[in-house]
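Participant: For reference, the structure I am asking about is given below.
Every number here is computed from the coordinates shown, using simple stated rules; none is lab data. Quantities reported herein were computed from a predicted structural model and do not represent experimental measurements. Please note: Cβ atoms are built from the backbone with ideal geometry, for glycine as well, and neighbour counts cover all protein chains shown.
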Amino acid sequence: MLFPLKFPCKEIWKDLLSNKSKFKTSRWIIGAIILLLVIALVIAALVLLQNTEQNEAVSAAFTNKKSLTLEDFLYGKFYAQGFNGSWTSGSQLTYIDANNNLVLRDVGQETNVSTKILLNNSDPLVAKPYIHELSADGKYLLIAQIQSQLYRYSRISRYTIINLETQQRIPLTIEGNADLLLVVWAPVGYGLAAVYKNNLYYKESPLSQEIRITHDPEFVYNGVADWVYEEEVLSSNVALWFSPNGKKLAFAKFDDRLVALMLIPFFGEPGTSLSQYPRINPVKYPKAGTPNPIVSLHAVDLGDLTNIKILEPPGDLAAQQPILSAVQWSTNDSLAAIWLNRVQNESSFISYNMNPLYKSYILKNLAEPAGWLELFTPMKFNKNGSQYIIIISHDQGRDIGKYRHIMLMNTSVNARVDPLTKGKFVVTKILGWDEVDDLVYYEANTEEDPAVQHVYSVSTKTKQVKCISCGVRGSNSSKECLFNSAEFSKDFSHYSLTCGGPDIPFVSILSKDKEEVIRWESNAELRKFIKSRDLPVVQRLQFNVSDECTAQVTLQLPRNYDSSGNVKYPLLINVYAGPDSSQVSEEFTLNWGSYLASNRSVIYGVIDGRGSALKGDKCLFSGYRNLGTVEVEDQILVTKKLLDTLPFIDKSKIAIWGWSYGGYAAGMVLATQKDDVFKCGISVAPVTDWALYDSIYTERFMGLPSIGDNLKGYLNAQLLTKYEGLRNKLYFLIHGTYDDNVHYQQSLLWAKVLEQQDIFFRQMTYTDQVHDLGSVRPHLYHSLENFLEECFSENYP
């Protein structure tokens with residue numbers, strides 16, 4: 001430690017220099033003193049400098065890291081790269097390399113010969129965003145240049161086929177038109193199915209003439225999904241399925257002529273003549289209780305395109321406006337489909353025989369009176385079509401209730417259900433069925449912690465379970481990978497394993513014996529960035545909210561927060577809370593909340609309460625037919641528990657925000673809280689009345705908005721009627737005008753109610769922006785931060 005130097009006072013110096021009656025030696029004494037003082041000053045300076053450097057070196061270990069900035073978040077520095085390959089065989093895959101070349105690589109080889117550039121980064125075909133796919137025989141490459149995005153998964157594209165042997169390029173057109181909705185390779189050879197203006201066509205080869213299969217008018221969709229099926233059922237725009245040998249084609253037809261139109265205005269660019277009048281985008285959008293698309297399933301032998309068969313739903317569901325939820329060929333001559341009733345709590349698994357003795361029979365009937373059936377993933381069949389696997393809820397006994405597990409069933413009428421997995425955990429995805437080794441690969445969370453996800457295999461013979469990802473660690477980390485996923489090659493000889501967290505993610509390609517072949521992605525740039533930044537501290541908590549459900553919580557806290565309570569920090573809860581969703585996981589996460597915690601000393605939290613996923617059906621179905629109740633209550637209840645548990649949270653500075661369902665939940669929390677826990681709230685693109693949202697999503701959780709069904713539930717769930725709870729609260733309402741998912745109408749009606757009731761609020765409208773507000777993110781997040789500054793101000797209210 002350095003002590004201050006004590007110099008002689010001014011008067012002593014003056015006496016020494018002015019008293020000429022002293023001895024002659026006084027000059028030498030003075031000189032000596034001065035010399036000693038100079039030496040002392042030099043030594044002191046050197047000591048000071050040395051100690052300063054040492055302190056700076058020590059301090060640097062703690063302070064040379066910068067806080068995360070909003071720009072870091074907005075411009076993508078937070079995001080980890082995942083697995084970007086597509087398996088085309090047992091060891092080959094295609095991907096876009098670091099130089100933006102489209103590459104085919106054989107991971108079973110270790111030489112440079114294993115890599116082949118299919119499309120160079122200087123090729124004009126890559127000038128626009130594109131999608132690629134190899135033909136089944138590997139001889140042709142299909143490139144789809146995206147011209148315009150229609151909805152979440154659908155787009156208009158221009159297609160080019162490249163002969164990889166001759167490099168001949170074949171522009172793909174249908175009836176002379178290049179702008180197509182969909183093109184799909186056959187699973188054998190190089191045949192193609194294409195959709196143009198919602199009608200289905202077939203080409204035997206890239207150079208052959210197309211053959212038209214359907215002849216339907218506007219608003220009848222063949223082989224592609226309409227808006228609601230794309231968004232809520234198929235999670236894709238593809239609604240056609242080739243048989244394994246490529247000789248037959250099944251497709252869905254969606255007749256939307258009775259579905260009401262939602263007219264969405266597009267205002268255009270300011271100051272241009274084209275924008276003198278808004279353009280109207282008409283979307284066939286069925287709202288709760290209104291006519292759904294009429295769906296039908298068809299199949300055709302591609303050798304006889306004149307004979308299109310209609311595959312009828314079972315009689316007991318046919319009268320209930322059925323939903324076609326999944327389709328899969330079991331053999332070359334048999335097609336399986338899953339049909340649901342309109343409110344999605346009853347289902348039938350149907351097998352259709354495509355041979356000349358056409359017949360159908362029911363494989364399995366299911367019903368769920370306490371909730372809904374989540375059956376939107378096709379069954380997986382063995383090669384001879386005699387057995388299939390599927391994820392369905394299964395009772396675990398001893399009053400534990402049902403959890404989603406893998407069931408093995410024979411393709412006989414109402415065959416016995418044979419569970420391959422069991423326990424108080426949820427299987428989230430089947431990755432594949434390796435019949436050579438009699439293994440089914442899957443992803444699931446754990447009994448001990450719903451936020452942990454591993455990759456497993458289970459034997460179809462012995463039911464022995466093995467964890468494939470347990471114990472995996474990164475080369476530069478001591479932390480075990482606790483959030484894992486995988487993708488297997490066609491013959492299961494190789495697979496990608498993604499360690500998604502909690503540390504920085506990485507991806508490995510492994511052989512079947514778990515030997516790492518390639519470290520596919522290490523996220524070195526992200527790792528380098530992270531080392532230079534002061535990251536928040538992540539804390540996990542849990543609280544009981546009912547006999548059936550424990551709420552999970554994740555908090556991001558300022559790095560050097562004071563846990564004693566001497567310093568108080570604001571708390572911002574990010575809510576989603578939609579049915580069967582989850583926010584708490586061990587996945588690596590850097591987001592806007594990370595910035596707020598690191599840079600603005602705001603605690604950022606997420607809460608999974610009742611109605612959330614991964615905890616079994618009792619917890620999941622807690623709010624069935626009553627949206628806006630338990631999931632909203634738990635955000636308030638758990639936040640109160642946090643305030644009681646953690647003394648460093650500032651009880652006067654609590655806020656909540658959410659997007660989409662989360663926007664609805666944030667508004668409901670602010671409007672229905674009894675103890676004024678939350679001072680302010682933000683709703684981005686919220687639902688405000690469930691009667692205004694789409695039919696398939698809403699009715700799954702709420703039933704029908706009719707007196708004979710659940711009109712009362714709909715009325716109770718309206719945010720529109722809860723306006724009084726927002727009086728004297730700070731509230732920010734945000735929406736894009738071109739949102740085709742949660743329509744701007746929802747926010748306009750909510751704003752109208754608040755205005756009529758003389759309730760002040762802040763509103764931001766983003767012109768021509770869709771649901772994700774993708775091109776105005778800087779303005780959006782600056783606006784959010786500005787609002788939070790007002791909310792957390794000492795001057796309000």
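Participant: State, as an integer percentage, the relative contact order of region 366-455 based on alpha-carbon contacts under 8 Å between residues 6 or more apart.
Facilitator: Working: 153 pairs, mean separation 15.9, N = 90.
Value for region 366-455: 18 percent.
Participant: Given the pairs Lys615/Lys641; Lys359/Lys380; Lys247/Lys461; Lys287/Lys752; Lys640/Lys722, which span a C-alpha to C-alpha distance of over 31 angstrom in this model?
Facilitator: On the way: Lys615/Lys641 21 Å; Lys359/Lys380 21 Å; Lys247/Lys461 33 Å; Lys287/Lys752 21 Å; Lys640/Lys722 21 Å.
Checking Cα-Cα distances, Lys247/Lys461 exceed 31 Å.
Participant: As a footprinting exposure proxy, order Ser235, Ser154, Ser585, Ser522 by other Cβ within 10 Å, with the fewest listed first. Each step should come with its number before you reach the end.
Facilitator: Values: Ser235 14, Ser154 20, Ser585 23, Ser522 17.
So the ranking, lowest neighbour count to highest, is Ser235, Ser522, Ser154, Ser585.
Participant: Please give every one of the aspartates and glutamates within straight-line cross-link reach of Lys139, meaning a C-alpha to C-alpha distance under 18 Å, and leave out same-chain neighbours fewer than 8 residues apart.
Facilitator: Asp106, Glu165, Glu204
Participant: Evaluate the relative contact order of region 533-791 (contact order divided by residue number), counting alpha-carbon pairs under 8 angstrom at least 6 apart; express in whole percent. Don't skip to the answer; put the middle values down first.
Facilitator: On the way: 522 pairs, mean separation 41.6, N = 259.
Worked out over region 533-791, it gives 16 percent.
Participant: Angle, helix 661-672 long axis vs. longest principal axis of the chain, Cα atoms, 0 to 90°, nearest 10?
Facilitator: So the inclination is approximately 60 degrees.
Participant: Would you mind ranking Glu368, Glu631 so that the residue whose beta carbon has the fewest other beta carbons within 10 Å leads the list? Intermediate values should be presented prior to the final figure.
Facilitator: Details: Glu368 19, Glu631 28.
Ranking Glu368, Glu631 by Cβ neighbours within 10 Å, fewest first, gives Glu368, Glu631.
Participant: Moving on to the next point. Between Thr290 and Ile156, what's the calculated FRET efficiency when r is the beta-carbon distance and R0 is 41 Å? Round to 0.05.
Facilitator: Working: r = 27 Å, r/R0 = 0.67.
The pair Thr290/Ile156 has a calculated efficiency of 0.90.
Participant: Also, I was wondering about something else. Go ahead and estimate [θ] at 222 nm for the chain from helices alone: -39,500 (n - 2.57) per DSSP H run with n ≥ 4, summed, over the residue count, rounded to 500.
Facilitator: On the way: 14 runs with 154 residues, N = 797.
Using -39500 (n - 2.57) per qualifying helix, the result is -6000 deg cm²/dmol.
Participant: Then there is this: For the pair Asn332 and Thr69, how long in nm is the line joining their label points, each one 7 Å along Cα→Cβ?
Facilitator: 6.3
Participant: Relative contact order of the chain, please, whole-number percent, based on alpha carbon pairs below 8 angstrom and at least 6 residues apart.
Facilitator: Details: 1699 pairs, mean separation 65.9, N = 797.
It rounds to 8 percent for the chain.
Participant: Another one. If I model a spin label at Ser148 and Asp650 as a point 7 Å from the Cα along the Cα→Cβ vector, what separation in nanometres do I get?
Facilitator: Each label point is offset 7 Å from its Cα along the Cβ direction, giving 4.9 nm.
Participant: Quick one: which of 72-85, 719-732, 615-628 comes out on top by average Cβ neighbours within 10 Å, and what's the full order, highest first? Could you put the intermediate results ahead of the total?
Facilitator: Details: 72-85: 16.5, 719-732: 18.3, 615-628: 23.1.
Averaged packing, sorted descending, gives the order 615-628, 719-732, 72-85.
Participant: So what are the radius of gyration and Dmax for the Cα set of region 533-791, in Å?
Facilitator: Computed over the Cα atoms of region 533-791, radius of gyration and Dmax are 17.7, 58 Å.
Participant: How high is the FRET efficiency from Ile518 to Asn281, r the C-beta distance, R0 51 Å, rounded to 0.05?
Facilitator: Working: r = 45 Å, r/R0 = 0.88.
Efficiency at R0 = 51 Å is approximately 0.70.
Participant: Now a separate question. Hey, which aspartates and glutamates would be in cross-link range of Lys284, C-alpha to C-alpha under 17 Å, not counting anything within fewer than 8 residues on its own chain?
Facilitator: By straight Cα distance, Lys284 reaches Asp216, Glu218, Asp226, Glu230, Glu231, Glu232, Asp255, Asp256, Asp694, Asp739, Asp740.
Participant: Quote the FRET efficiency, to the nearest 0.05, computed for Glu447 versus Lys479 with a Förster distance R0 of 22 Å and r equal to the Cβ-Cβ distance.
Facilitator: It comes out at approximately 0.60.
Participant: For the chain, rounded, prolate or oblate, judged on the Cα gyration tensor with a ≥ b ≥ c (square roots of eigenvalues), a/c < 1.5 rounded, else prolate if a/b > b/c?
Facilitator: Details: a/c = 2.01, a/b = 1.65, b/c = 1.22.
Prolate, since a/c reaches 1.5 and a/b exceeds b/c.
Participant: Take the alpha carbon gyration tensor of region 367-517, find the square roots of its eigenvalues, order them as a ≥ b ≥ c, and report rounded if a/c is under 1.5; if not, report prolate when a/b exceeds b/c, else oblate. Walk me through the numbers before you get to the answer.
Facilitator: Details: a/c = 2.33, a/b = 1.39, b/c = 1.68.
Taking the square roots of the gyration eigenvalues as a ≥ b ≥ c, region 367-517 is oblate.
Participant: Also: List, in the order given, every pair from Lys66/Lys528; Lys116/Lys203; Lys383/Lys512 whose Cα-Cα distance in the structure shown is over 24 Å.
Facilitator: Working: Lys66/Lys528 13 Å; Lys116/Lys203 28 Å; Lys383/Lys512 21 Å.
As for pairs spanning more than 24 Å Cα to Cα, those are Lys116/Lys203.
Participant: As I understand it, the dipole of region 533-791 uses +1 on the Cβ of Lys and Arg and -1 on the Cβ of Asp and Glu, about the Cα centre. Which of Met668, Leu541, Ser581 lies farthest toward its positive end?
Facilitator: Leu541
Participant: Also: Which distance in nm do the two modelled labels at Asp418 and Lys490 give, with both placed 7 Å along the Cα-to-Cβ direction?
Facilitator: With each label placed 7 Å out from Cα toward Cβ, I get 2.9 nm.
Participant: Separate question: Any chance you could run the full-extension gain for Tyr95 through Phe529? It's 0.36 nm times the residue separation minus the Cα-Cα distance, nm to one decimal. Walk me through the intermediate numbers first.
Facilitator: Working: separation 434, 0.36 × 434 = 156.24 nm, distance 2.49 nm.
Length gained, Tyr95 through Phe529: 153.7 nm.
Participant: In nm, what is the difference between 0.36 nm times the number of residues separating Ser360 and Gln81 and their Cα-Cα distance? Working shown, then result.
Facilitator: On the way: separation 279, 0.36 × 279 = 100.44 nm, distance 4.57 nm.
Contour length minus the Cα-Cα distance gives 95.9 nm.
Participant: When a footprinting reagent is the concern and you count Cβ atoms within 10 Å, what order do Ile146, Ile162 take, fewest first?
Facilitator: Numbers: Ile146 13, Ile162 21.
Placing the least packed residue first, the sequence is Ile146, Ile162.
Participant: Please give the length that would be gained between Ile170 and Arg777 if that part of the chain were fully extended, namely 0.36 nm times their separation in residues minus their C-alpha to C-alpha distance (nm, one decimal).
Facilitator: Numbers: separation 607, 0.36 × 607 = 218.52 nm, distance 3.93 nm.
The span from Ile170 to Arg777 would gain 214.6 nm if fully extended.
Participant: Could I ask something else about it? Kindly rank 409-417, 88-96 from highest to lowest mean number of other beta carbons found within 10 Å of each residue. Provide the component values of the computation, followed by the final result.
Facilitator: Details: 409-417: 13.9, 88-96: 18.6.
So the peptides 409-417, 88-96, ranked by packing, come out 88-96, 409-417.
Participant: When the Cα centres of region 282-335 and region 584-609 are compared, how far apart do they sit, in Å?
Facilitator: Here the answer is 43 Å between Cα centres.
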